[in-house]
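Enquirer: One structure coming up, written as structure tokens, with questions to follow.
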Amino acid sequence: MNIFFRKRVCEMDLSAAMEEAKLACSYFFNNRFEEARALMRP
């Protein structure tokens with residue numbers, strides 16, 4: 001794992017991560033699979 005990836009992960013707090021996860025679930029259940037996948041990629 002490179003330093004940039006670790007720094008990026010650490011900058012996201014729990015509430016922001018939960019909001020992104022909810023949005024990804026919404027995309028997934030509305031058959032917007034590419035948007036869901038893109039949102040969950042680091």
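Enquirer: Go through segment 1-38 and count every residue that is at pLDDT 85 or above and part of a helix (DSSP H, G or I). Walk me through how you get there before you give the answer.
Expert: Going through segment 1-38, the residues at pLDDT 85 or above turn out to be 13-38.
Now drop any that are not part of a helix (DSSP H, G or I), which leaves 14-29, 33-38.
Of the residues in that region, 22 qualify.
Enquirer: Determine the pairs where a residue that is within 16 Å of A38 (Cα to Cα) and of a type outside the set (G, A, S), located within segment 1-27, has a partner that is modelled with pLDDT of 90 or more and surrounded by fewer than 11 Cβ atoms within 10 Å (Cβ to Cβ) with Cβ atoms under 9 Å apart, the partner being 6 or more residues away or on another chain.
Expert: Y27/F33; Y27/E34
The values are calculated or read from the model by the stated rules, or taken from the named source; none is laboratory data. These numbers come from a predicted model, not from an experiment. Note that each Cβ is placed from the backbone with ideal geometry, even for glycine, and that neighbours are counted across all protein chains shown.
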